[in-house]
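K.L.:
Please read through the structure below; I'll follow up with questions.
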Amino acid sequence: MADVKVKKESTDPVDIENRIKELCGQFPHGITDQVIQNDMPHVEPKQRAMAINRLLSVGQLDLLRNSNGLLYRMKDNQSTSKMKGSDNQEKLVYQVIEDAGNKGIWSRDIRFKSNLPLTEINKILKNLESKKLIKAVKSVAASKKKVYMLYNIQPDRSVTGGAWYSDQDFESEFVEVLNQQCFKFLQSKAEVARDSKQSPMVQRNSSFATSHEVWKYISELGISKVDLSMEDIETILNTLIFDGKVEMTIIAAKEGTVGSVDGQMKLYRGVNPIIQPTGLVKTPCGLCPVFDDCHEGGEISPSNCIYMSEWLDF
């Protein structure tokens with residue numbers, strides 16, 4: 001009877017390190033020590049720890065922390081070059097901020113995810129800012145707090161408030177000017193349609209304009225110091241709809257048509273309101289772009305809204 005040869009699992013340090021890197025490649029978001037242990041049950045804890053420590057020391061792995069404990073993840077080559085010369089704590093904080101993306105992260109959350117003392121985190125943040133690796137951005141949701149993100153990232157609209165905010169202040173006058181100019185454009189288009197002396201149906205159809213046409217008109221006027229997107233213009237057009245000054249319809253559109261989304265296109269036209277708009281629409285709430293985020297007890301609430309106070313005083 002022939003002898004049965006049992007394959008012996010390798011315990012060579014290089015093989016263990018390579019297998020850990022393979023596991024990290026299979027799980028890009030990171031692996032726990034338990035995953036490594038389950039995959040290589042034959043490896044002693046001391047050997048496993050030595051392999052992990054070596055990969056961390058040569059900068060091939062990132063050490064992260066979440067609610068389940070420590071995570072190991074393959075290090076991005078670009079991040080490695082940027083963080084050359086930094087210690088492990090600094091690398092950990094940088095990684096946490098990088099994971100937050102363009103919405104940023106508060107120092108309190110950095111402390112929770114890194115498990116480092118607040119004094120140490122503040123020191124690291126100042127150091128990373130001085131190297132222009134990260135930046136602090138004031139959030140409109142909490143004017144006294146800053147969120148941190150990578151230096152070359154454009155902040156999300158939820159952080160800056162988009163085109164409607166300047167230095168955390170809501171530009172109510174700017175919004176009002178945009179309202180007037182968008183309505184003026186749609187009114188002039190409706191007047192041209194009425195003067196054409198064509199059939200009522202043709203007049204009605206030709207009085208509609210796409211949001212792209214309105215956006216182009218506003219852009220050419222040059223009344224905005226910031227670049228307005230189609231979404232910004234549609235927000236303004238929606239306030240005009242709530243005021244009863246504009247109506248919207250949706251039509252099917254060919255793929256690739258300018259202003260179309262998922263085979264549909266929004267059309268707008270100015271109308272003469274049958275009745276006066278309700279008082280609620282005339283309040284600042286009727287024009288507020290962060291209306292959905294406003295609630296009592298929150299960072300944005302009616303009780304601390306300066307625009308509501310000014311409106312009531314008037």
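The values are calculated or read from the model by the stated rules, or taken from the named source; none is laboratory data. Note that the coordinates shown come from a computational prediction; the quantities given were computed from them, not determined experimentally. Neighbour counts are summed over all protein chains in view; Cβ atoms, including those assigned to glycine, are modelled from backbone coordinates with ideal geometry. When the accessible area is computed, the model is the full protein with side chains, heavy atoms only, and any ligands, DNA or RNA have been set aside. Shrake-Rupley method; radii C 1.70, N 1.55, O 1.52, S 1.80 Å.
K.L.:
If you go through the stretch 114-128, how many residues are part of a helix (DSSP H, G or I), of a type in the set (A, V, I, L, M) and under 15 Å from Q95 (Cβ atoms)? Steps first, please.
P.N.:
Quick first cut of the stretch 114-128, residues part of a helix (DSSP H, G or I) only: 114, 118-128.
Next, only the ones that are of a type in the set (A, V, I, L, M) stay: 118, 121, 124-125, 128.
If we keep only those that are under 15 Å from Q95 (Cβ atoms) as well, we get 121, 124-125, 128.
Selection size over the stretch 114-128: 4.
K.L.:
Applying the selection to the stretch 194-228, what residues are within 19 Å of A253 (Cβ to Cβ), open to solvent by less than 50 Å² (accessible area, probe 1.4 Å) and out of contact with any Leu (no Cβ under 7 Å at 6 or more places or on another chain)? Outline the logic, then answer.
P.N.:
Residues of the stretch 194-228 that are within 19 Å of A253 (Cβ to Cβ), as a first pass: 204-216.
Now restrict to residues that are open to solvent by less than 50 Å² (accessible area, probe 1.4 Å): 207-211, 214.
Matches in the stretch 194-228: S207 only.
Rundown of residues vs (1) outside any helix (DSSP H, G or I); (2) in contact (Cβ under 8 Å) with a residue 60 or more places away in the chain; (3) among the β-branched types (V, I, T); (4) open to solvent by less than 70 Å² (accessible area, probe 1.4 Å), yes/no style:
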residue: H42; (1), (2), (3), (4): yes, no, no, yes
residue: A49; (1), (2), (3), (4): no, no, no, yes
residue: N53; (1), (2), (3), (4): no, no, no, no
residue: L56; (1), (2), (3), (4): no, no, no, yes
residue: L63; (1), (2), (3), (4): yes, no, no, yes
residue: Y72; (1), (2), (3), (4): yes, no, no, yes
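K.L.:
Another question about this same structure. Is it true that some residue in the stretch 126-134 is open to solvent by 40 Å² or more (accessible area, probe 1.4 Å) and hydroxyl-bearing (S, T, Y)? Walk me through it before giving the result.
P.N.:
Residues of the stretch 126-134 that are open to solvent by 40 Å² or more (accessible area, probe 1.4 Å), as a first pass: 126-127, 129-132.
Still in the running and hydroxyl-bearing (S, T, Y): 130.
Checked the stretch 126-134: at least one residue is open to solvent by 40 Å² or more (accessible area, probe 1.4 Å) and hydroxyl-bearing (S, T, Y).
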